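The block underneath contains the structure these notes are about, expressed in structure tokens.
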Amino acid sequence: MDPSPSSSSQQLYTRTFVLAVLSQSVFVMGNTLMTHHTRWVKALGGTEHDVGYVMGFGALVGLIVRPWMAQWINRIGARTMWGIGYLVFAVGALSNLLLHELAFPVYVVRSIFGFGGAIVFASSLTYVTQISPRERHTEAIGIVGAGGFIGMLVGPVLGDVLIQSSNPVSEDFNMLFLLAGCFMILPGLLLLLLPPTRLSESRGNVKLRDFISIIRQHWPGMILLVDIAFGLCMTVPFGFLATFIDVEELVAPGISVIGLYFWSYAGWGLTVRVGLRKWPDEVGRRKVLLVGMFFMTAGMFSYLLVDRDHVWLIIVPALICGTGHALMFHTMTALTLERFPYAVRGTGSTFSLMALETGMICGAPILGIIAHRSYHQMFIVLGIFVGSVALLYFYSSIPIWKERARLRHEQLGS
């Protein structure tokens, strides 16, 4: 049995945890460079339809192979799979340099670097929950996500600097893809400083039926619908935002509009996440999650304020959606993972992200069709959907809150 960091104490901010956050933060810098990939699809002659299909296909491939990925995390360990994810992402990013027309290889390469990112996120979630105290899992996931916000502050802006054109051609993206691949070197080296976690005692064959059996045994419930809604929302900043800015001709003299958006989104999101890191434990994860969903819903409608005459108002949806992201991701992930024990935590992390990617798969092509007609219509559809899911989750939480109140009343009475 491999040695593993102890999670029995209440200490969270250890050397191992800090190194894990640093590794993930640098990865996100490279990953968010690829938010400009949708612009590259259009530079190759594609439309919003093509952007949606490329995003959806990549997410679909990732969804199909995730069950086996989950079993491999359980089998060979989260740290090892984390490193494999960095390698796969680098290969995918660099492979874009070999493509010069919008054809099937574009879909394949999008799937490769997307799958690499999927391995990284599932493995990192698994690792940090395995090394952190059970009572502080939500905080641990939140801080790792805060490191991701730091990455968002750098990646999209750096991409704008590298492309340097509001109407780029395919050759303008060469340095971006090269840098995205090279960004994986430092986080990979940081992983070498992390101790491996204890492996699952079950080391048999990696089979789909084992994955399905584990999911059925530890079914998370209604929270999966929230995961799907969140995934749908993430198609905006990490997919459609760049093309929205180009199509609507959003130009601010002397400043990158996408940079302005992510500085606001990630900078404020980082502040909220760190400042309120203990809030889920104090008031309840479900309540914090619902507050985050309210902000995400409002944020989608606030995009309607933005047009070429009011470019600076893009700060408004950035701040509101950044707040929603900061409150939603770690709480919904912790609620999804809480039913999965240590030995199958890799399966739980993967299944949580599968639900998120289901939102992208189902949403990206449909949203692409709507965006081709009107981006404002797309934002309205998103706002209505997320708001409806929030109402459903609120309704499903009422019996749980009542039962907890009853138990507290009985304890006080005794």
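The values are calculated or read from the model by the stated rules, or taken from the named source; none is laboratory data. These numbers were taken from a predicted model, which means no experiment stands behind them. Reconstructed Cβ throughout: ideal geometry from the backbone, glycine too, with neighbour counts over all protein chains shown.
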Scan the range 382-407 for residues that are closer than 19 Å to residue 304 by Cβ, surrounded by fewer than 16 Cβ atoms within 10 Å (Cβ to Cβ) and not polar (S, T, N, Q) and jot them down.
-> 384
Residue 344 passes all but one of the listed conditions (1) farther than 15 Å from residue 233 by Cβ; (2) buried (at least 20 other Cβ atoms within 10 Å of the Cβ); (3) under 19 Å from the mean Cα position of the chain (by Cα); (4) not aromatic (Phe, Trp, Tyr); the exception is number (3)
Going by the conditions given, is residue 305 free of Cβ contacts under 8 Å to residues at least 60 places away in the same chain and surrounded by fewer than 24 Cβ atoms within 10 Å (Cβ to Cβ)?
-> yes
Can you tell me which of 51, 106 is in contact (Cβ under 8 Å) with a residue 40 or more places away in the chain, in a helix (DSSP H, G or I) and in contact with a Ser or Thr (Cβ under 9 Å, 6 or more places away or on another chain)?
-> 51
Tell me, please, whether a residue that is buried (at least 19 other Cβ atoms within 10 Å of the Cβ), out of contact with any strand residue (DSSP E or B) (no Cβ under 7 Å at 6 or more places or on another chain) and without any contact (Cβ under 8 Å) to a residue 24 or more places away in the chain can be found in the range 55-69.
-> no
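Quick one: how many residues across the range 57-90 are polar (S, T, N, Q) and at pLDDT below 85?
Qualifying residue count for the region: 2.
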Kindly indicate the residue of the range 91-106 that is modelled with pLDDT of 90 or more and of a type outside the set (A, V, I, L, M) and also surrounded by the fewest Cβ atoms within 10 Å (Cβ to Cβ) among those meeting that condition.
-> 104
Which condition number does residue 47 fail, the rest of (1) touching a Leu at 6+ places or on another chain (Cβ under 7 Å); (2) surrounded by fewer than 19 Cβ atoms within 10 Å (Cβ to Cβ) being met?
-> (1)
Under 7 Å by Cβ, and 6 or more places apart or on different chains, what pairs join a residue from the range 205-226 that is farther than 17 Å from residue 293 by Cβ with one that is in a helix (DSSP H, G or I) and aliphatic (A, V, I, L, M)?
-> 211/70; 214/344
Just name the residue that is modelled with the lowest pLDDT out of those in the range 154-169 that are surrounded by 13 or more Cβ atoms within 10 Å (Cβ to Cβ) and outside any helix (DSSP H, G or I).
-> 166
Looking at the range 70-90, which of its residues are surrounded by fewer than 24 Cβ atoms within 10 Å (Cβ to Cβ) and either aromatic (Phe, Trp, Tyr) or in contact with a Cys (Cβ under 9 Å, 6 or more places away or on another chain) (or both)?
-> 72, 90
Just to be sure, is residue 242 touching a Ser or Thr at 6+ places or on another chain (Cβ under 6 Å), buried (at least 22 other Cβ atoms within 10 Å of the Cβ) and in a helix (DSSP H, G or I)?
-> yes
If we scan the range 308-325, do we find a residue that is in contact (Cβ under 8 Å) with a residue 24 or more places away in the chain, in contact with a Lys or Arg (Cβ under 9 Å, 6 or more places away or on another chain) and either outside any loop (DSSP other than H, G, I, E, B) or buried (at least 24 other Cβ atoms within 10 Å of the Cβ) (or both)?
-> yes
Tabulated pairs, the range 184-196, first within 21 Å of residue 155 (Cα to Cα), second buried (at least 20 other Cβ atoms within 10 Å of the Cβ) and among the aromatic types (Phe, Trp, Tyr), C-beta under 8 angstrom, 6+ apart or interchain = 184/27; 184/86; 184/89; 187/27; 187/86; 188/86; 191/82; 191/86
Candidate set from the range 264-290 (those that are hydrophobic (A, V, I, L, M, F, W, C) and surrounded by fewer than 19 Cβ atoms within 10 Å (Cβ to Cβ)); member that is nearest to residue 391 (Cα to Cα) = 283
Pick from the range 259-294 the residues that are part of a loop (DSSP other than H, G, I, E, B) and at pLDDT below 90: which of them is nearest to the chain's Cα centre (by Cα)?
-> 277
